[in-house]
Amino acid sequence: MITVYSDDHLQHSGLLEPDGDSLIASFECPQRAQNVLESIRAAGLGELKAAAPQPQHRLTAVHDPDYVEFLANAWQDWIGAGEQASNARPYAFVGAGMRYANCEDIYGKLGRYSFDATAPIVAGSWQAIRTSANIALTAADLIRGGDRHAFALCRPPGHHATRNQCGGYCYLNNCAIAAQSLLNSGKQRIAILDLDYHHGNGTQSIFYDRNDVLTISVHADPALEYPFFLGYADEPGEAAGHGFNVNYPMPFGTGWNDYREALEDAGAQIQRFGPDALIVALGLDTYADDPTTRFLIRSDDYTAMGAFVGGLGLPVLTVLEGGYAVDAIGLNATNFLAGAAGQ
């Protein structure tokens with residue numbers, strides 16, 4: 001098991017998120033990744049590898065070039081407009097009947113390229129965002145080169161990011177970028193199994209009309225939980241992708257026994273598909289004591305979850321997504337990774 005990591009994520013700090021009428025410190029904080037790293041080191045769970053620089057075309061294979069350019073320049077545009085706030089965030093969004101106009105004002109740009117207000121831009125965001133994608137690509141290259149297990153310790157996370165919009169703490173879709181890079185390197189079929197508490201709406205939307213990527217998500221019912229507007233069971237994919245998207249919306253209070261049943265069915269779907277590699281979007285916000293969520297998965301359950309994934313017999317790239325119980329995220333991550341690697 002090789003873990004790919006960079007300290008660049010520390011530059012994406014001081015984040016604020018809406019909480020009723022106020023802004024509070026974001027649950028998506030640097031200590032999440034730091035605790036995972038420390039736990040991996042303490043457990044002696046394999047080699048650590050630095051993220052390698054990657055060309056921008058590996059990002060624009062998934063994301064629209066103008067969106068990537070927006071992310072790269074948003075903070076400079078914010079400061080250039082004379083704004084003083086530490087977090088750049090939108091207050092207006094593109095709604096029904098509106099145009100995705102190429103606005104010149106920074107607030108217009110933020111609203112065009114965001115679908116909610118939970119993915120602010122701060123001074124160091126772009127470096128962290130770009131490096132997070134580089135981590136996923138470096139780990140994908142390990143899988144391409146023959147490694148059976150690799151862990152992309154990504155922060156910020158990515159699975160909510162669409163081709164041209166950020167939201168849900170996500171900016172570039174690390175799993176989608178990794179999947180496309182494997183396909184571009186000669187792989188024929190890739191499966192993405194999203195185990196985050198929240199549905200991976202960005203990943204689903206990116207691959208929804210394709211049959212070379214099977215997207216599966218086990219998550220809280222979007223009728224009750226973010227992202228609300230995608231992730232229902234009646235979303236099978238469209239055009240060539242019909243039958244290649246599978247959602248398992250689960251009720252509040254879901255524990256390991258019920259979760260395992262959904263996971264076993266997902267595993268059967270993956271094996272029928274016969275992918276060349278499996279990408280796991282590892283969200284540890286399914287944890288029972290996560291302050292933001294309502295599932296009942298325990299720390300020991302992550303070992304069984306990882307063992308199930310490893311038992312599928314595929315090369316596995318695990319990519320860190322959510323998980324906001326900061327004190328427990330390291331243990332939960334290492335339990336999953338050890339289980340997946342058979343350790």
Restricting to segment 144-186, count the residues that are of a type in the set (A, V, I, L, M, F, W, C), in contact (Cβ under 8 Å) with a residue 60 or more places away in the chain and out of contact with any helix residue (DSSP H, G or I) (no Cβ under 7 Å at 6 or more places or on another chain). 2
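Report yes if some residue within segment 259-270 is touching a Gly at 6+ places or on another chain (Cβ under 9 Å) and closer than 29 Å to residue 29 by Cβ; otherwise report no. Talk me through it step by step, then tell me what you get.
Our first condition is that a residue be touching a Gly at 6+ places or on another chain (Cβ under 9 Å); within segment 259-270, this holds for 267.
Filter once more, so that each one left must be closer than 29 Å to residue 29 by Cβ: none.
No, segment 259-270 contains no residue that is touching a Gly at 6+ places or on another chain (Cβ under 9 Å) and closer than 29 Å to residue 29 by Cβ.
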Can you tell me which residue is surrounded by the most Cβ atoms within 10 Å (Cβ to Cβ) among those in segment 51-102 that are over 21 Å from the mean Cα position of the chain (by Cα) and among the aromatic types (Phe, Trp, Tyr)? 78
Within the set of pairs 6 or more residues apart or between chains, which connect a residue that is touching a residue at least 60 places away in the same chain (Cβ under 8 Å) and part of a loop (DSSP other than H, G, I, E, B) inside segment 55-80 to a residue that is of a type outside the set (Phe, Trp, Tyr) and buried (at least 16 other Cβ atoms within 10 Å of the Cβ) with Cβ atoms less than 6 Å apart? 61/180; 62/176; 62/177; 62/180; 64/164
Within segment 98-125, the residues that are in a loop (DSSP other than H, G, I, E, B) and basic (Lys, Arg) are 99
Could you tell me which of the residues 196, 212, 234 is in contact with a Gly (Cβ under 6 Å, 6 or more places away or on another chain) and charged (D, E, K, R)? 196
Residue 163 - would you say it is surrounded by 24 or more Cβ atoms within 10 Å (Cβ to Cβ), under 22 Å from the mean Cα position of the chain (by Cα) and assigned to a loop (DSSP other than H, G, I, E, B)? no
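Throughout, read-outs are computed from the coordinates displayed, never taken from laboratory work. The structure displayed is predicted, hence computed values, not measured ones. All Cβ positions, even for glycine, are placed from backbone atoms using ideal geometry, and neighbour counts span all protein chains on display.
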